[in-house]
């Protein structure tokens, strides 16, 4: 069975990939080792896990301008997630995603996105139409 989750129209191009999920917040500045492509803040639920080419599914965005330009820097070096899905995002991180040409969506109609998607789920993110599809593994 295919599940479609409706959200606010997002930023970026459609992407397909594997989800990495945590009921935790996100700061590109403080949570990540941007050289090695892993979560590095010891208190983060995803510490030690690679975010490279994953679709990150997190609660909310933290931080300001530094987090925004860091998304661009990560993408330019090929050490970035394919997309980021949030329950709520701030305008600064939205600008950073736009600058980095990184797919980002938030405000899901069906509820808490960190509970609707599980790590390892295959997703298709269509930001223009505000739809995230969980791809049936069969």
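The values are calculated or read from the model by the stated rules, or taken from the named source; none is laboratory data. Owing to the predicted nature of the structure, the values given are computational and were not obtained by experimental measurement. Cβ placement follows ideal geometry from the backbone for every residue including glycine, while neighbour counts extend to all protein chains displayed.
Just wondering, is there one or more residues in segment 116-135 that are buried (at least 22 other Cβ atoms within 10 Å of the Cβ), without any contact (Cβ under 8 Å) to a residue 40 or more places away in the chain and touching a strand residue (DSSP E or B) at 6+ places or on another chain (Cβ under 9 Å)?
Checking segment 116-135: not a single residue is buried (at least 22 other Cβ atoms within 10 Å of the Cβ), without any contact (Cβ under 8 Å) to a residue 40 or more places away in the chain and touching a strand residue (DSSP E or B) at 6+ places or on another chain (Cβ under 9 Å).
Any chance segment 8-28 includes a residue that's touching a helix residue (DSSP H, G or I) at 6+ places or on another chain (Cβ under 8 Å), surrounded by 20 or more Cβ atoms within 10 Å (Cβ to Cβ), part of a loop (DSSP other than H, G, I, E, B) and touching a residue at least 40 places away in the same chain (Cβ under 8 Å)?
Within segment 8-28, one or more residues are touching a helix residue (DSSP H, G or I) at 6+ places or on another chain (Cβ under 8 Å), surrounded by 20 or more Cβ atoms within 10 Å (Cβ to Cβ), part of a loop (DSSP other than H, G, I, E, B) and touching a residue at least 40 places away in the same chain (Cβ under 8 Å).
Please list, ordered by residue number, the strands (runs of 3 or more DSSP E) wholly in segment 88-138 having 1 or more residues that are out of contact with any helix residue (DSSP H, G or I) (no Cβ under 9 Å at 6 or more places or on another chain) and farther than 21 Å from residue 26 by Cα.
Result: 122-126, 131-134.
Kindly provide the set of residues from segment 29-50 that are within 16 Å of the chain's Cα centre (by Cα) and assigned to a loop (DSSP other than H, G, I, E, B), ordered by number.
29, 30, 31, 34, 37, 44, 45, 46, 47, 49
With the requirement that a residue be surrounded by fewer than 17 Cβ atoms within 10 Å (Cβ to Cβ) and either modelled with pLDDT of 95 or more or in a loop (DSSP other than H, G, I, E, B) (or both), what does segment 74-87 give you?
Of everything in segment 74-87, those that are surrounded by fewer than 17 Cβ atoms within 10 Å (Cβ to Cβ) and either modelled with pLDDT of 95 or more or in a loop (DSSP other than H, G, I, E, B) (or both) turn out to be 77, 78.
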